[in-house]
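The values are calculated or read from the model by the stated rules, or taken from the named source; none is laboratory data. Since this is a predicted model, take the numbers as computed values, not measurements. In this analysis, Cβ positions are derived from the backbone assuming ideal geometry, glycine residues included, and neighbour counts consider all displayed protein chains. These accessible areas exclude ligands, DNA and RNA; they are computed on the full protein's heavy atoms, side chains included. Shrake-Rupley method; radii C 1.70, N 1.55, O 1.52, S 1.80 Å.
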Amino acid sequence: MNKEEIRDVILEIIQDIDEDADISDLQSDLPLRDQLDLDSMDFLDIVMELRKRYKLQIPEADYPELASLDSCVAYLEPRLKDS
Amino acid sequence: MPYNSIEKAAAAYDVVVIGSGLGGLTSANRLARAGHRVLLLEHHHRLGGLATWFKRQGHIFDVSLHGFPYGMRKTCRKYWNRAIMDSIIQLKNIVFDNPQFHLTTTFDKNDFSEILETRFQVPRSRILDFFNTVDGMNFYDDRSMTTRELFETFFPGRSDVHRLLMEPITYANGSNLDDPAITYGIVFSNFMNKGVFTFSGGTDRLIGMMTEELENNGVTICTRSLVKRIVIDNGKVRGVEVDGRFIAAKTVVSNAGILNTVEDLAGIDAFSEEFRESLKPVVVNNSSCQVYMGVKEGETIEDIGDLLFTSSSPQFDAEEMLDRNTKSRTFSLYYPKTRPGHDRYTIVASMNARYEDWASLSSEEYSREKQLMIERCLIHLEQYLPGIRDKCDWLEAATPKTFQRYTLHTRGTSFGTKFEGLEVSRNIFKDVKGLFHVGSVGIIMSGWLGAINYGVIVANDADAYLRS
């Protein structure tokens, strides 16, 4: 997957977690947590969904890498390049 | 429909969940939705664990439906379904009555701030500081500060304020002033978010809806299926033994108590020396007593509030609250609005209690003490509902021994373990591959919301293992 595709996947997963989340004017460099009503349980849901879809194991120590849309893409790109 | 024996279960599953408390139910649901083959086993004839109810002469008594935080709505929507979320409704009248104060509150931050400022004369800035501190607390914080120290820092010498802040949480999760401040802060701020909520239709309806959801997601459910042991070979889970049958499983998620899981089901020999050491400081929390009062059909009672924290003890005193003769009890009132269509009133009095105080009695003493407890509750309740004694046609008591019989928990604990249990529960799979534990541990992961969320956290661990 390329950057754009990964970005779309993350947004799709967030939308599945919270269908009321307004992702239209999300600032991609700012923490998702501050812009949407996401808590630590929501991030766990994202991790579990990525594992289900792409067999990707994200260790707990790496969870902070998922803070913003940009950091998600940067972290996932090398890991999902063959997906 | 769930099977009522192990007979119909298949020979092998990806996951066997032992026990159907809210944590076990949620782990099972989450793992089934993730695509795993799941078998859920429950020793009792009914699912729900302590989230349970029973029927007597047309009355339906809820055992642990006393009020949970607003966060249940989001949690139920995400990990169960929207219909379950939509049945969550607010309890607006929470009453405190004790020698230090009498007040009614919605039990949320705005109302509490107002009460602390006007009734207790605490400066606004101090109240804000306190809320900011507890809101900011999280699991990774320093654990050395106790709740007592936290209260003394913000409200020195104010035993009335301490009581207002502590008493409901002691009833909610068995914690006291000597437990780590974060175990208080996390639970208290969950409630303070938006107040106290309940499930419209009662526990029976909730568990019914959850059962339906589990079956839609393909979970095989067997009740009356007591697991004898978890089969472990070479440090790895192989399956479970139930009623003479071996069921193979790649992972086992135990929703039995943490000590039951390690000592009775897996057997201590399955664990490393290091793990056994970590088990030593684990303290099982105290238990509860309850008195169930059913109001005759056709009779009504006045609305005196949804949840009454009552005590005639001069100050908050955790020891006094555990005493068999305690003067402190919570009354949960269930009006017809709790179960729309079921036009009945029930009242449940809950007290904290020590298992030993009840287990040590002879059977005659035990029966007598139960009668005396019912009597004390009625006398107490007459203050709020004069004539209640004559309106009731069903009176029954439960003790820590009752909780032990139905949940099989070590010493009948109704609140799981103290703080040290959490680390053991979280680390169990690092010691025995494929073995996970979910249940009330560490005070934080208890109550309905804590149990469900912990079920999700553990399901994530189990899923990671299954896909590795």
Q: Kindly list, by first and then second residue, each pair from a residue in segment A:8-22 that is closer than 17 Å to residue A:68 by Cβ to a residue that is polar (S, T, N, Q) and at pLDDT 95 or above, limited to pairs with Cβ atoms under 8 Å and residues at least 6 apart or on different chains.
A: none
Q: May I ask you to verify whether residue B:21 is within 14 Å of chain A (Cβ to nearest Cβ), out of contact with any strand residue (DSSP E or B) (no Cβ under 8 Å at 6 or more places or on another chain) and open to solvent by 10 Å² or more (accessible area, probe 1.4 Å)?
A: no
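Residue by residue, here is whether (1) in contact with a Gly (Cβ under 7 Å, 6 or more places away or on another chain); (2) open to solvent by 20 Å² or more (accessible area, probe 1.4 Å); (3) not assigned by TED's automatic domain parsing to the domain that holds residue B:19 holds:
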{"site": "B:59", "(1), (2), (3)": "yes, no, yes"}
{"site": "B:66", "(1), (2), (3)": "no, yes, yes"}
{"site": "B:90", "(1), (2), (3)": "yes, yes, yes"}
{"site": "B:93", "(1), (2), (3)": "yes, yes, yes"}
{"site": "B:97", "(1), (2), (3)": "no, yes, yes"}
Q: Just give me the residues in segment B:433-468 being within 11 Å of chain A (Cβ to nearest Cβ), over 19 Å from residue B:71 (Cβ atoms) and either modelled with pLDDT under 95 or open to solvent by less than 10 Å² (accessible area, probe 1.4 Å) (or both), in sequence order.
A: B:462, B:463, B:468
Q: May I ask you to verify whether residue B:212 is open to solvent by 40 Å² or more (accessible area, probe 1.4 Å) and touching a Lys or Arg at 6+ places or on another chain (Cβ under 6 Å)?
A: no
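Can you work out which of the residues in segment B:436-468 that are among the aromatic types (Phe, Trp, Tyr) and in a helix (DSSP H, G or I) is farthest from residue B:74 (Cα to Cα)? Before the answer, list the steps.
Kept after step one, since they are among the aromatic types (Phe, Trp, Tyr), are these residues of segment B:436-468: B:436, B:448, B:454, B:465.
Now drop any that are not in a helix (DSSP H, G or I), which leaves B:448, B:454, B:465.
Values: B:448: 13, B:454: 14, B:465: 26 Å.
Of everything passing the filter in segment B:436-468, B:465 is farthest from residue B:74 (Cα to Cα).
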Q. Is it the case that segment A:28-51 has a residue that's open to solvent by less than 60 Å² (accessible area, probe 1.4 Å), at pLDDT 90 or above, part of a loop (DSSP other than H, G, I, E, B) and facing chain B (nearest Cβ under 10 Å)?
A. no
Q) For segment B:420-432, how many residues are within 14 Å of another protein chain (Cβ to nearest Cβ) and either within 21 Å of residue B:37 (Cβ to Cβ) or crowded, with 23+ Cβ neighbours inside 10 Å (or both)? A) 1
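The rows are residues; the columns are (1) over 27 Å from residue B:442 (Cα atoms); (2) crowded, with 16+ Cβ neighbours inside 10 Å; (3) of a type in the set (A, V, I, L, M, F, W, C); (4) not assigned by TED's automatic domain parsing to the domain that holds residue B:447.
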{"position": "B:104", "(1), (2), (3), (4)": "yes, yes, no, yes"}
{"position": "B:118", "(1), (2), (3), (4)": "yes, no, no, yes"}
{"position": "B:137", "(1), (2), (3), (4)": "no, yes, yes, yes"}
{"position": "B:141", "(1), (2), (3), (4)": "no, no, no, yes"}
{"position": "B:169", "(1), (2), (3), (4)": "no, yes, yes, yes"}
{"position": "B:175", "(1), (2), (3), (4)": "no, yes, no, yes"}
Q) Restricting the first residue to segment A:59-83 and requiring it to be outside any helix (DSSP H, G or I), which pairs with a second residue that is among the acidic types (Asp, Glu) meet a Cβ separation below 6 Å and a spacing of at least six or different chains? A) A:68/A:29
Q. Taking the stated definitions as given, is residue B:45 away from chain A (no Cβ under 13 Å), under 25 Å from residue B:257 (Cα atoms) and in contact with a Lys or Arg (Cβ under 6 Å, 6 or more places away or on another chain)?
A. yes
